[in-house]
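The values are calculated or read from the model by the stated rules, or taken from the named source; none is laboratory data. This is a predicted model, so every value here is computed, not measured. Neighbour counts are summed over all protein chains in view; Cβ atoms, including those assigned to glycine, are modelled from backbone coordinates with ideal geometry.
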Amino acid sequence: MKLEGTDFQIKVWKEINKIPKGCVKTYKEIAQLIGKPKSSRAVANACGKNPYVPLIPCHRVIRSDGYLGGYSGDGGIEQKKKLLINEGFFHFKIDKVKTKSD
């Protein structure tokens, strides 16, 4: 598949594509693996702009604190959680969902 995006996005997506089912990496780990160790937020941004979901499995990238982070694919964070569970990964923290009263 030919990837279209910025050079940075393509590096991120290619690295994410190496993560096997049932495993995760953090945004920080991806940043380090592509040689940009201080770019974890930019990695998260590249995940958010991934037009190849779920072929490029950004659902396998989580925050360093164990929380899921975001997910731009259909179904949002609940879909990210389902995808990870279906792949056999259960070791994540659940983010508190904010309501209007919070």
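Based on this model, can you work out whether ILE77 counts as of a type in the set (Val, Ile, Thr) and over 24 Å from LYS2 (Cβ atoms)?
Against the criterion (of a type in the set (Val, Ile, Thr) and over 24 Å from LYS2 (Cβ atoms)), ILE77 qualifies.
Looking only at the range 22-53, filter to residues that are part of a helix (DSSP H, G or I) and of a type in the set (A, V, I, L, M); which one of those is surrounded by the fewest Cβ atoms within 10 Å (Cβ to Cβ)? Lay out the reasoning, then the answer.
Keep residues of the range 22-53 that are part of a helix (DSSP H, G or I), which gives 27-33, 40-48.
Within this subset, residues satisfying the condition of being of a type in the set (A, V, I, L, M) are 30-31, 33, 42-44, 46.
Working: ILE30: 27, ALA31: 22, LEU33: 16, ALA42: 18, VAL43: 28, ALA44: 21, ALA46: 27.
Within the range 22-53, the match that is surrounded by the fewest Cβ atoms within 10 Å (Cβ to Cβ) is LEU33.
Quick one: what pairs do we get from the range 1-28, first residue within 19 Å of ASP65 (Cα to Cα), second of a type outside the set (A, V, I, L, M, F, W, C) and part of a helix (DSSP H, G or I), C-beta under 6 Å, 6+ apart or different chains?
ILE19/ARG60; VAL24/ARG60; TYR27/SER40; LYS28/SER40
Considering the range 54-71 alone, what residues qualify as being within 9 Å of the chain's Cα centre (by Cα) and in a loop (DSSP other than H, G, I, E, B)?
Residues satisfying the conditions are PRO57, ARG63, LEU68, GLY69, GLY70, TYR71.
Go through (1) touching a His at 6+ places or on another chain (Cβ under 6 Å); (2) at pLDDT below 90 and name the single condition LYS80 misses.
(2) is the only condition that LYS80 fails.
Considering every residue within the range 65-80, establish whether at least one is surrounded by 15 or more Cβ atoms within 10 Å (Cβ to Cβ), in contact (Cβ under 8 Å) with a residue 24 or more places away in the chain and acidic (Asp, Glu).
No, the range 65-80 contains no residue that is surrounded by 15 or more Cβ atoms within 10 Å (Cβ to Cβ), in contact (Cβ under 8 Å) with a residue 24 or more places away in the chain and acidic (Asp, Glu).
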